[in-house]
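Each remark here refers to the structure printed beneath this line.
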């Protein structure tokens, strides 16, 4: 007579079952290891903030998508829509204790009431890192290196980090006396990969107020191609009359040369003056990361330099640079590339259990193998061998350890390789060593 | 002229700065490692659920504390207040794909609009593990082993896991013809450590309707002390007339003997028939975990067996057993015991930067050391040595690598141990080996 409730998630939300979750944990762990290897420290901030902290910081679109409500204490609160705005608030609040320079990473879910078409979710995981409190180009170089080492370690095939400097386009616009329209120009250029040159030309003329020949020049600029050194040479000539443009070209050259000096392959980092990043707060270096095998999914790790992250909350100026790994977008990419491991268990070994009289012996055996560093699942009830092996096959254990009545009597164990189906019998006392030999090295 | 917004968190919410966050990451990583070594797989569920999924599942108190609101699509939604109810919904929804038995772990924040006195937070991290789809006592034994191995690995001093079986008290109450009042008796007994025997006696008489001599018997039962074997002997006699009580005693004996057979020290697991756990859904084994050095903070890891986790959402019966580690409560305990590492950086090495002409050489050197497995922060701008060493001292790096103009000329580096202040000079080419020797083994 119970009134059952339909088990379901909200539209745009989803559960992660073990298979994608194991893959996501792997992404997060690799990113943590790389970020930590560069000295970024973990922090955490609440999911909920006062609405006034978040509102208006990401533009009209993000305000509209905010999960905002009144809490039981009558406070106007909202769920964070990114990790950058809470970090700005965090930095302003704690800079006295933290000191500068300060390097942090932060992984956590963010919420946006987006249109759920095109496989977008309303809750997704981001993983940011930032260095604040310095304007030195060293931080820009290391930011690119972090992104490089991250994708190198993730083993997701070839990738390119496209870099640019906001000031270069601004220098050009200054020379074209179009600097006031820079936001509109950026918005137009940001659409270039999607809508093509003709449509962008139209928008440059109509929204940014550029004469047609000036729009041509901007588009020619955005289509600049060549080696990094060739592009740098061309850019120097193009913006030589603008000091802000020149500073941008110098900085971009410093970043490219610094990254190269650190041993990164030329193919991995490419100057692309057409990348603009939609966000207003970037002021110098900007970067986007594309997977060679999946160019269409867009950038999977993006960031840049900002003059003043925390200016809305404090008078202390906190310049910095950072980037954000879109964990769930990358996870979707891995799924598409069929790079997700099909295992649904973290345990390499299944200890089969069929002699009910021997329960405590199985429990003790499994624990003994764990002490030797193995991850071991004990099937929790006595069942037929076939059912337990089918279970192991479905979960993805690598070997089954089988100790039946005969084996107990003889103090032996069978090790069954679940990929090949082959078995070997070893003395019970040698089980740790036999498993180590079989499982180490190629896990 | 900017209207600055005061940077602050909501009442009952907090930021985690690097020091506590590094400690919390350590707790979470150790728990993950132990849970995975037993074959529990990670899952994730959304922070937001339909309110009907959550409402009424944790009792009136938890309904009142719910962060509940209407989303932009007019849905009645709420933030989860624990990880158990979402898991019940998850299990009901996906059991066909998952198959049983199914073992999962889940770490994530939960939200409760609690009274913020007594250092309670409104957002806190929980870390649950559960085995569902089996009634076999093997799962109960392994649950206790997981909790044991977790606290053993966490290195938080001595601890005791107190275990009990719900059916034993029910058996006693059946014999005392007080079974109908079992919920009221449980509620009264749950307060025993806080309010004492006399007050509980009063409540047993008034709320549970027990005659005074019956209340005496219940209190005598709850104060049962001795070795596990002694208590089991006594219990057998006490509930011999009740079949449910007997089943409880047999199960409790099986758990105690199984855990002992697996090699766990007798002092770590103690039968305590007074532990009751407030929650209604427990039906068999229950457990709580206490730190010997901090008995007053209460249980830091609790759980038990339930007959039917997902019955509200599906007709498939899903019995199981699990426990929940209160990560933030444990973190507070570690802080109180002064067991938190005072480092605020994950990097062992700070590469000092003072020769601006050599920027790319510093960047390349730092990256070279990372390739050798070290975590290395490069100070991001050229400053005086003293300022950079002060920074390292504050952050907690273990050594500074100093390469000044002379050292570059001579291809040497100074390694300065920041704890002892001692320095040694090594050839630049030997730096990896020298750091490995100094930093490995006692990190």
Share of Cα-Cα pairs in the range B:349-439 lying beyond 18 Å, as whole percent: 36
Ascending list, in nanometres, of distances separating the residue A:244 label from those of the other copies (7 Å, Cα toward Cβ): 7.8
Between 0 and 90°, nearest 10: helix A:18-37 axis offset from chain A longest Cα axis: 60
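So in the protein assembly as shown, what percent of DSSP beta bridges are antiparallel if you round to the nearest 5?
Numbers: 100 of 122 bridges.
About 80 percent, rounded to the nearest 5.
Where both partners of a DSSP beta bridge lie in chain B, what percent of those bridges are antiparallel, to the nearest 5? Write down the numbers at each step before the final one.
On the way: 50 of 61 bridges.
Antiparallel bridges: around 80 percent, rounded to the nearest 5.
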Neighbour-count order for B:132, A:402, fewest beta carbons within 10 angstrom listed first: A:402, B:132
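Relative contact order (percent) for chain B, with alpha-carbon contacts under 8 angstrom and 6 or more residues of separation?
Numbers: 698 pairs, mean separation 67.6, N = 443.
Contact order relative to length: 15 percent.
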Rounded D (µm²/s) - the range B:269-366, Kirkwood Rh over Cα pairs, Stokes-Einstein at 10 °C, 1.306 mPa s: 87
Separation of alpha-carbon centers, the range A:59-99 and the range A:269-334, rounded to whole Å: 20
Cα Rg over Rh - the range B:16-115, Kirkwood: 1.02
Inter-copy spacing of residue A:180 label points, which lie 7 Å from Cα along Cα→Cβ, given in nm from shortest upward: 8.6
Rounded to 10°, Cα long-axis angle of helix B:228-238 versus longest principal axis of chain B: 20
Spin-label pair residue A:317/residue B:296, simplified geometry with 7 Å Cα→Cβ offset, distance in nm: 5.0
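How many Cβ atoms of partner chains, on average, are near each residue of A:312-321 if near means within 10 Å of its Cβ? Could you put the intermediate results ahead of the total?
Values: counts 5, 6, 4, 2, 0, 0, 0, 0, 1, 1.
Mean inter-chain Cβ contacts per residue within 10 Å come to 2.
In units of 2.2 N^0.38 Å, what is the alpha-carbon radius of gyration of the range B:318-377?
Details: Rg = 20.7 Å, N = 60, 2.2 N^0.38 = 10.4 Å.
Scaled against compact globular proteins, the figure is 1.98.
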Helix B:166-175 axis, angle to chain B major axis (alpha carbon atoms, nearest 10°): 20
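Per DSSP helix of 4 or more residues, -39500 (n - 2.57); summed, then divided by the residues of the protein assembly as shown. What does that give at 222 nm, rounded to the nearest 500? Let's see the in-between values first.
Details: 34 runs with 370 residues, N = 886.
Theoretical 222 nm ellipticity from helices: -12500 deg cm²/dmol.
Per residue and in Å³, how big is the convex hull formed by the alpha-carbon atoms of the range A:18-336? Don't skip to the end; give the middle numbers.
On the way: hull volume 47.3 nm³, N = 319.
Hull volume over Cα atoms, normalised by residue count, gives 148 Å³.
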For the protein assembly as shown, convex hull volume per residue from C-alpha positions, Å³: 188
For the range B:1-48, the fraction of alpha-carbon pairs in successive 10 Å shells from zero, as %: 19, 26, 32, 14, 7, 2
Descending Cα extents along the principal axes, the range A:248-295, whole Å: 32, 31, 14
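At a temperature of 4 °C and a viscosity of 1.567 mPa s, determine how fast the range A:105-172 diffuses translationally according to Stokes-Einstein, using the Kirkwood radius over alpha-carbon pairs as Rh; express D in µm²/s, rounded to the nearest whole number.
Numbers: Rh = 15.3 Å.
It comes out at roughly 85 µm²/s.
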Separation of the residue B:250 and residue B:177 label points, Cα + 7 Å toward Cβ, nm: 2.8
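Between residue B:357 and residue A:155, what FRET efficiency comes out of the Förster formula 1/(1 + (r/R0)^6) with R0 = 51 Å and r the beta carbon distance, rounded to 0.05? The partial results should precede the final answer.
Details: r = 37 Å, r/R0 = 0.72.
Taking R0 as 51 Å, the efficiency between residue A:155 and residue B:357 is 0.90.
Would you please put A:100-111, B:161-172 in order of how densely packed they are, using the mean number of other Cβ atoms within 10 angstrom per residue and starting with the highest?
Values: A:100-111: 22.2, B:161-172: 24.4.
Those peptides, ordered most packed to least, come out B:161-172, A:100-111.
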Rg over Rh, two decimals, the range A:139-291 (C-alpha only, Kirkwood Rh): 0.98
Projected-area average for the range B:186-263 over all orientations - Cα convex hull basis, square nanometres: 6.1
Whole-number D in µm²/s for the range A:289-443 (Stokes-Einstein; Kirkwood sum over Cα pairs; 4 °C, 1.567 mPa s): 68
Antiparallel DSSP beta bridges within the range B:349-439, as percent of all bridges there, nearest 5: 60
Label point 7 Å beyond Cα along the C-beta direction, distances from residue A:14 to other copies (nm, shortest first): 3.6
Identity and axial distance of the chain A residue whose Cβ lies nearest the axis relating A to B, Å: A:69, 2
Kirkwood Rh and Cα Rg combined as Rg/Rh, the range B:35-183: 1.01
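Throughout, read-outs are computed from the coordinates displayed, never taken from laboratory work. Given the structure is predicted, the values throughout are model-derived calculations rather than measurements. As a convention, Cβ positions derive from the backbone with ideal geometry for all residues, glycine included, and neighbour counts pool all protein chains shown.
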